[in-house]
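J.: Right, I'll just put the structure down here and ask away after.
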Amino acid sequence: MAKTYVIDTNVLIQAPYALQCFEENHLVLPLVVLEELDGLKKADGERGANARRAIRFLEKLRLQGDLLGGVALPTGGTLRVEANCSDVELPAALPDDKADNRILKVCQGLKEEGPILVTKDLVLRLKAQILGIEAEDFSTEQVIPEEDQYTGRLQCYVPEDKFKDFKKKGVPTKDVYLSDAEGNTSRPDLTENQFVILKADQSLRKTHLGRVKGKKIVPLEYKKSQPYGVKPRNSGQYFLQEALMKPADEAPLVIVKGQAGTAKTFYALAVGLEKIVNRPTGEYRRILVCRPNAQFDSDIGFLPGDEQEKISPLMRPIIDNLEQLIDASEEERYENELELKDKIDELFDRHVIQTEALNFIRGRSFVKTYLIIDEAQNMTPNQAKSIITRAGKGTKIILLGDPNQIDKPFLDERTNGLSYASEKMKGSPLCFQITMTADECERSELALDAVQRL
């Protein structure tokens, strides 16, 4: 039986194609949603672009029939704009001048149809529940819960005789196994490019690090590398180094998730500097760093200066990492602050490293670029898709972030662009992924303790 869904504005702003995702059900757009789309259509960045895209789709439907009466959707079902229900009464605590409450009025007015309110706004869902209105999040872009998401790494066991030959021959995937606390064994479900910690089943202290390649687990190729003088300190960093050091034609996409202090950004910059400055390979022309910000679309226009000056506050964490990379000596690094600043400024002046606003790279194509998207958990799924499809020949895209530190409204651990890209790209031979663990934190003892406790 067809259901009736009332769609909130924020669903269309995050996923402008959402109206085509409800199969053969009936969709209702409150008139206030059109008003909000109209107010957003001239906005800069992703919000404005998505508002315009949603409006264009509604215009196509308008040309097919009467939106007030209902128009058939190309994917099945119908869509209508609801201009009535203005006389529906809500509790006095919910004033009529708020857009959210006008949407609730529509839901109340359609009570006989059993409407389901679809909104990204948690508070609006709470209000709806108080009024006895069924409400849910837009689930099309949701991935599985965080604890079940792909981590890109696995620990398993291998017979002693196979373990000894690993460095020369690798190990067939059919020969590795998992073991639970009761000693029961099972065959792991391995994924292409998944990193593996191999343990010899007769001597558990012996380990090898490898990755899945076809039907074998092969040794890491870049285990002995020290990009820009940086040496891996744990298995996660060995895996991270392997993914980053791979040339763009083998690993054009690297997705790294992990808590603060696990050296995600630091290592990404180190490999980029190694390939462009230290030992130029000719692979890349430049390092391009983008860092989305929860308020960036609306705030950048009001900041003084040109684009680089406007985004510089957002790029301060990049500078912090460069300070440690440029001068590896912790004792002497800050003895001459001016000299250290000059060295970093030179990288930007020579365009070895460039920084750009995420919302200004729409429609561009990047060739031979080492592209780092820091704090990628603050991207929407649509932004993640746009970024990945910007990759030109010879470009390597690195998405870094912590899904537990999301600052952007209406995103969470299951709907942010980083987690979405991770799940959708799982198993791609062109994508390497690694999730850093809490015990791989490389900041102070306090930082490590806090990560584990808080």
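The values are calculated or read from the model by the stated rules, or taken from the named source; none is laboratory data. Owing to the predicted nature of the structure, the values given are computational and were not obtained by experimental measurement. Positions of Cβ are backbone-derived with ideal geometry, glycine not excepted, and every protein chain shown enters the neighbour counts. Just the protein is used for accessible areas: all its heavy atoms, side chains included, with ligands, DNA and RNA removed. Shrake-Rupley method; radii C 1.70, N 1.55, O 1.52, S 1.80 Å.
J.: In nm, give the distance between the simple-model label positions of residue 343 and residue 206, each being 7 Å from the Cα along the Cα-to-Cβ direction.
T.: 4.3 nm
J.: Here's another thing I want to ask about it. Remind me, relative contact order of region 78-156 in percent, using alpha carbon pairs under 8 angstrom and six or more residues apart?
T.: Rounded, it is 20 percent for region 78-156.
J.: I'd like the FRET efficiency for residue 72 and residue 111, computed as 1/(1 + (r/R0)^6) with the beta carbon distance as r and R0 of 25 Å, rounded to 0.05.
T.: The value I calculate is 0.50.
J.: Show that you can apply the helix-only estimate: for the chain, add -39,500 (n - 2.57) for every DSSP H stretch of four or more residues, divide by all residues, and state [θ] at 222 nm to the nearest 500.
T.: Computed ellipticity for the chain at 222 nm equals -9000 deg cm²/dmol.
J.: Summarise the accessible area of the chain (1.4 Å probe, protein heavy atoms) by the percent that is carbon and sulfur. Before the final figure, lay out each step's value.
T.: On the way: 10750 of 22380 Å².
Ligands and nucleic acids excluded, carbon and sulfur reach 48 percent.
J.: Using alpha carbons only, how many degrees (0 to 90, rounded to 10) separate the axis of helix 337-349 from the longest principal axis of the chain?
T.: The angle comes out at about 70 degrees.
J.: Amide H to amide H, which residues 5 or more places from residue 355 or on other chains are under 5 Å from it, using H placed in the peptide plane?
T.: Amide H to amide H, under 5 Å and 5 or more residues apart or across chains, residue 355 pairs with 289.
J.: Shifting gears a bit: Going by alpha carbons, how many degrees (0 to 90, nearest 10) lie between the helix axis of 99-109 and the longest principal axis of the chain?
T.: 60 degrees
J.: Also, quick follow-up: At a threshold of 8 angstrom on Cα-Cα distance, excluding pairs fewer than six apart, so keeping six or more, what relative contact order does the chain reach in percent?
T.: It comes to 16 percent, rounded to a whole number.
J.: Among 273, 129, 177, which residue has its Cα positioned farthest towards the positive end of the charge dipole of the chain, with +1 placed on the Cβ of Lys and Arg, -1 on the Cβ of Asp and Glu, and the dipole taken about the Cα centre?
T.: Of the candidates, 177 comes out farthest on the positive side.
J.: Ignoring ligands and nucleic acids, what accessible area does residue 326 show with a 1.4 Å probe (Å², nearest 10)?
T.: Surface open to solvent at residue 326 totals about 40 Å².
J.: A further question follows. Pairs of Cα atoms under 8 Å, at least six residues apart: use those to get the relative contact order of region 26-179, whole percent.
T.: 15 percent
J.: Using DSSP to define loop residues, name the GluC sites (Glu not before Pro) in region 52-129 whose beta-carbon has at most 14 other beta-carbon atoms within 10 Å.
T.: In loop regions of region 52-129 (DSSP not H, G, I, E or B), the sparsely surrounded GluC sites (Glu not before Pro) are 89.
J.: What are the aspartates and glutamates whose alpha-carbon lies under 13 Å from the alpha-carbon of residue 127, with same-chain residues fewer than 8 places away excluded?
T.: Filter leaves 100, 136.
J.: Could you work out Rg/(2.2 N^0.38 Å) for the chain, with Rg from alpha carbons only?
T.: The value comes to 1.13.
J.: Here's something else I'd like to know. Please give the net charge around residue 286, taking every other residue with its beta carbon less than 15 angstrom from that of residue 286, where Lys and Arg add +1 and Asp and Glu add -1.
T.: Result for the local shell: +3.
J.: Along region 12-21, what does the Karplus equation 6.51 cos²θ - 1.76 cosθ + 1.60 (θ = phi - 60°) give for ³J(HN,Hα), rounded to whole Hz, x for Gly and Pro?
T.: 6, 6, 7, 9, x, 8, 4, 5, 9, 10
J.: Relative to the longest principal axis of the chain, what angle (0 to 90°, nearest 10) does the C-alpha long axis of helix 31-40 take?
T.: So the inclination is approximately 50 degrees.
J.: Accessible area, 1.4 Å probe, largest first: how do 140, 435, 119 sort?
T.: Correct descending sequence by accessible area is 140, 435, 119.
J.: Using only Cα positions of region 1-79, each an equal point scatterer, no hydration layer, compute I(q)/I(0) via Debye at q = 0.13, 0.26, 0.27 Å⁻¹ and quote the log10 values to two decimals.
T.: -0.36, -1.34, -1.42
J.: Let me ask something additional. For residue 233 and residue 191, calculate 0.36 nm times their separation in residues minus their Cα-Cα distance, and state this gained length in nm to one decimal.
T.: Gain on extension, residue 233 to residue 191, equals 12.6 nm.
J.: If the only charges are +1 at each Lys and Arg Cβ and -1 at each Asp and Glu Cβ, what is the size of the charge dipole of the chain around the Cα centre, to the nearest 20 debye?
T.: Once rounded to the nearest 20, the dipole reads 2220 debye.
J.: When the Karplus curve 6.51 cos²θ - 1.76 cosθ + 1.60 is applied with θ = phi - 60°, which whole-Hz ³J(HN,Hα) does each residue of region 434-439 get, with x for Gly and Pro?
T.: Taking θ as phi minus 60°, the curve returns 8, 9, 6, 9, 4, 6 Hz for region 434-439.
J.: Counting only other residues whose beta carbon sits under 13 Å from that of residue 91, what net charge do I get with K and R as +1, D and E as -1?
T.: Values: positive: 98, 105, 127; negative: 89, 96.
Summing Lys and Arg as +1 and Asp and Glu as -1 gives +1.
J.: Going by amide H atoms built from the backbone, whose H comes under 5 Å of the H on residue 283, apart from near neighbours?
T.: none
J.: On a full-extension model of 0.36 nm per residue, what is the gain between residue 324 and residue 131, subtracting their alpha-carbon distance, rounded to one decimal in nm? Don't skip to the answer; put the middle values down first.
T.: Working: separation 193, 0.36 × 193 = 69.48 nm, distance 5.50 nm.
Taking residue 324 through residue 131 to full extension adds about 64.0 nm, to one decimal.
J.: Here's something else I'd like to know. For region 286-292, just list the computed ³J(HN,Hα) in residue order, Karplus coefficients 6.51, -1.76 and 1.60, θ = phi - 60°, integers in Hz, with x standing in for Gly and Pro.
T.: With the stated coefficients, region 286-292 comes to 6, 9, 10, 10, 10, 9, x Hz.
J.: Within the set 385/424; 224/396; 224/275; 168/223; 213/275, which residue pairs have Cα atoms separated by over 18 Å?
T.: Too far apart for the 18 Å limit: 224/396; 213/275.
J.: Can you send over the solvent-accessible area of residue 201, 1.4 Å probe, protein chains only, in Å² to the nearest 10?
T.: 40 Å²
J.: Figure the gain on full extension for residue 224 and residue 98 (residue separation times 0.36 nm, minus the Cα-Cα span) and round it to one decimal in nm.
T.: Additional length available on full extension: 39.3 nm.
J.: What residues qualify as long-range amide H neighbours of residue 5, i.e. H under 5 Å apart, gap of 5 or more or another chain, H built at 1.01 Å from N?
T.: Amide H to amide H, under 5 Å and 5 or more residues apart or across chains, residue 5 pairs with 26, 27, 28, 116.
J.: Roughly how many Å² is the accessible area per residue of the chain, as a whole number, for a 1.4 Å probe?
T.: Heavy-atom SASA per residue in the chain reads 49 Å².
J.: Just how far, in whole angstrom, is region 85-100 from region 173-236 if you go by their alpha carbon centroids?
T.: That distance is 59 Å.
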